[in-house]
There are 2 protein chains.
Amino acid sequence: MDNVNIKKLAEALRLSTSTVSRAFRDNSDISKDTKERILAMAKQLNYQPNHYASNLREQKSKTIAVIVPELANNYFSLAIQGIERVASAKGYHILVYATNDQFEKEVSFIKHLHNGRADGIIMSVSGEANDHNYLNQLSKKRLPLVFFDRVYEDIVTPRVITNDYDSSFSATKHLIQQGCERIAYLAVNKTLSIGKTRMQGYIDALKKYKIPFKEELIIDCTNNYKENIDLLKQAFIDLKPDGVFTSVERLAFATYYACYDINLSIPKDIKVIGFSSLEIAPLLNPALSTITQPASDLGKTAAEMLFKMLENPNEVNPDSEVILKSKLMQRESTSNA
Amino acid sequence: MDNVNIKKLAEALRLSTSTVSRAFRDNSDISKDTKERILAMAKQLNYQPNHYASNLREQKSKTIAVIVPELANNYFSLAIQGIERVASAKGYHILVYATNDQFEKEVSFIKHLHNGRADGIIMSVSGEANDHNYLNQLSKKRLPLVFFDRVYEDIVTPRVITNDYDSSFSATKHLIQQGCERIAYLAVNKTLSIGKTRMQGYIDALKKYKIPFKEELIIDCTNNYKENIDLLKQAFIDLKPDGVFTSVERLAFATYYACYDINLSIPKDIKVIGFSSLEIAPLLNPALSTITQPASDLGKTAAEMLFKMLENPNEVNPDSEVILKSKLMQRESTSNA
DNA sequence: TTGTACGCGTTATCAT
DNA sequence: ATGATAACGCGTACAA
């Protein structure tokens, strides 16, 4: 059977298309009787209003786009889950895009989205090192945009982040209190604002507790798992750190693998803590101490903020920043037993 | 600045809208010269063709929908990643929906998608226990649909699955060879086809190796983490299994927690193996033996199949079934050391 | 090669 | 309360 549209419905009921259309909106004048007839017939024929036609007509899509650096990532999956819940409850659909950390992809996604396909965008950015001004140079008014987790500091738009500086400070302090004196900081991209903030917390904690900061203990890692493990093994052998603070989850995993390989015992020889929202951190060998970010909440909050912008554009301050708190979870990997 | 559309471009260039439109398609007759002028101006004004208008006109959306039971799940995230890659390469966008295992949501998503919003659907199903015939009763022709992982056996449409029966058989056999005689099977939903297949592999392996099958050792779990842990603790105490085979990843985690709580040592007191595509299974305490499913490949293959259907509807047999192989990874949780 | 005119399905405005 | 009509932006058949 072919598509049922308003026209077919109208024919079937010997009404005009406008009357039929009215049956689906709330305000319009239409007799209760005909409305019921129409809805009944619509149900019977399984009528689905064509979204594209509505969108074209109404200039809105009831769709939001989510752009993240990667999909196969526990953290972003949780965030997307949070977003999906809110969107779904509002009757919105979500388009998902992964940049795989390629800035050009991000630019391309964003540009293309400015064609009416989405009403708003929630993004965790990929290209700190690049020129973000493309966001201000879109030919038409920029779509409502909310950053979460990874943000551009020079772009004015609402954002939802976590208290990274404090968390880093606490994590570093925790390592120090557990007796560490040579604490390696594993960075993935020093130039990212998130990288900078987290590193600053580390640096300031060292200073506060009078541990000399050593540039060499900042280890810049890559996006490649194997490479990182090799690199870390070498670094651990050369630098002999007694503590490791990883700025992202997967570097904690790489640290574990590296330590296994070169027979360093966690936590005896080296203590490890890292940013991570992995639920099964307690199941690792040894249980991993983490700074656990409220990933799902981050997504939820970002989505709620975006909807606020869509509903009351003027009531949302473009400067607004929501900071959610991460939790320091001490586990065996930093214990002194 | 307001939206740039074909009309504005045409005005700016003193051409007709049709000429401008032609510049963006390949076949049409248009002088190389004007085409270049148009494209240049389009770039300058940052023109983005309105997707909804094109879709309405062309009756296709260059969008595929992905429906999964849950998003915050390592396995489905990987699958979505695989799908996203393929789609992105083809210039397609993906809409993502999570049913949270509610069948009504699945039905609702599917029905609504039949309004032109998506050209095809990739789904891992949620409602084995229900009546799937809604898929055949859509008023218009059903959208191209590919199942992956969790499928409805009574619906005729292409599918991509893994060799679950063989894997289950092998895993059970492995436990037996490691000396287990009371092997518990942790099911999450016995009625799901995937549950049935996996359970059958377990049952047949027992039979083959002359281990008596005991109904009581089939433990039906819920979707609630805490509940499962409690339930498992009790079951382990009551039934004293010496091996556990979990049909889904999270039940392996629950098993670990349960064993920790009641001081059962894995693998000494009880050996554990489970379906899982967790990359860090080797980092668990103890390293978890797994049946590792090629999750990302599953998504990739499903997407490729869907695109084949979109491009050459007649060349794809609706009965086609692709079976990808999982890998048995023996690790410490089933060792005899 | 370029322009004119129409229709995709919907909704809002205006008329009845 | 209902119907006729125009418009959203684009793409194509047809005319020039």
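A few points about this structure:
- Whole-Hz couplings from phi, Karplus 6.51/-1.76/1.60, listed for segment A:3-14; x for Gly and Pro: 4, 8, 10, 4, 4, 4, 4, 4, 4, 4, 9, 6
- Value of relative contact order over segment A:6-58, rounded to a whole percent, pairs C-alpha under 8 Å and six or more apart: 28 percent
- Within chain B, helix-based [θ] at 222 nm, where runs of 4 or more DSSP H residues each add -39,500 (n - 2.57), nearest 500: -13000 deg cm²/dmol
- Selection from B:Thr99, B:Gln81, B:Phe109 lying farthest towards where the dipole of segment B:60-109 points positive, charges on Cβ: B:Gln81
- About the Cα centre, charge dipole magnitude for the protein assembly as shown (Lys/Arg +1, Asp/Glu -1 at Cβ), debye: 1440 debye
- Inter-chain Cβ neighbour average for residues A:99-109, partner chain, 10 Å: 1
- Mean separation of Cα contacts under 8 Å (6+ apart) over length of segment B:277-330, as relative contact order %: 47 percent
- Taking amide H positions as modeled 1.01 Å from N, with prolines and chain starts lacking one, the residues under 5 Å from B:Ser326 and 5 or more places away or on another chain are B:Asn163.
- Axis-proximal residue, chain A, for the rotation superposing A on B (Cβ, Å): A:Asn285, 2
- Gyration tensor verdict on the protein assembly as shown (Cα atoms; rounded if a/c is under 1.5, prolate if a/b is larger than b/c, oblate otherwise): oblate
- Cα-centre dipole for chain B with unit charges at Cβ (Lys and Arg positive, Asp and Glu negative), debye to 20: 1020 debye
- Length-normalised contact order for chain A - Cα pairs under 8 Å, 6+ apart - percent: 18 percent
- Placing unit charges on each Cβ (+1 for Lys and Arg, -1 for Asp and Glu) gives chain A a dipole about its Cα centre, and among A:Leu232, A:Cys180, A:Met199 the Cα reaching farthest toward its positive end belongs to A:Met199.
- Per-residue HN-Hα couplings for segment A:96-107 [Karplus 6.51, -1.76, 1.60; θ = phi - 60°; Hz; x = Gly/Pro]: 10, 10, 10, 8, 6, 6, 9, 4, 4, 5, 4, 4
- Sequence ranges B:226-238, A:158-170, ranked by mean other-Cβ count within 10 angstrom, highest first: A:158-170, B:226-238
- Label point 7 Å beyond Cα along the C-beta direction, distances from B:Phe213 to other copies (nm, shortest first): 6.6
- In plain terms, the residue of A:Glu321, B:Glu332 with the fewest other Cβ atoms within 10 Å comes first and the most crowded comes last, giving A:Glu321, B:Glu332.
- Label spacing, shortest first and in nm, from B:Asn312 to its equivalents in the remaining copies (7 angstrom along Cα→Cβ): 5.7
- Positive-end ranking of B:Leu324, B:Asn285, B:Thr246 along the dipole of segment B:243-337, with charges on Cβ about the Cα centre, is headed by B:Asn285.
- Sum of side-chain charges, A:Tyr92 neighbourhood, beta-carbon under 15 Å (Lys, Arg +1; Asp, Glu -1): +4
- Couplings 3J(HN,Hα) of segment A:123-134, computed from phi: 9, 10, 7, 10, x, 3, 6, 9, 8, 8, 5, 4 Hz, in residue order, whole Hz [Karplus 6.51 cos²θ - 1.76 cosθ + 1.60, θ = phi - 60°; x for Gly and Pro].
- Residue-averaged beta-carbon neighbours from other chains (10 angstrom radius) around B:114-127: 2
- Partner lysines whose Cα lies under 27 Å from the Cα of A:Lys173, excluding those fewer than 8 positions away in the same chain, are identified as A:Lys190, A:Lys196, A:Lys207, A:Lys208, A:Lys210, A:Lys214, A:Lys233, A:Lys240, A:Lys268, A:Lys271, A:Lys325, A:Lys327.
- Inter-chain Cβ neighbour count for A:272-282, averaged per residue, equals 2 (cutoff 10 Å, partner chain atoms only).
- With its label point put 7 Å out from Cα toward Cβ, B:Glu36 sits 6.8 nm from the same residue's point in the other copies, in order from shortest.
- Here segment A:211-245 and segment A:108-148 have alpha carbon centers that stand 35 Å from each other.
- Computed with the Debye formula from one identical point scatterer per Cα of segment B:6-58, without solvent, the log10 of I(q)/I(0) at q = 0.16, 0.19, 0.23 Å⁻¹ comes to -0.43, -0.61, -0.88.
Since every read-out is calculated from the coordinates, none of them should be taken as a lab result. From a predicted model like this one, the values you see are computed outputs, not experimental measurements. Glycine gets a Cβ as well: all are built from the backbone with ideal geometry, and neighbour counts include every protein chain shown.
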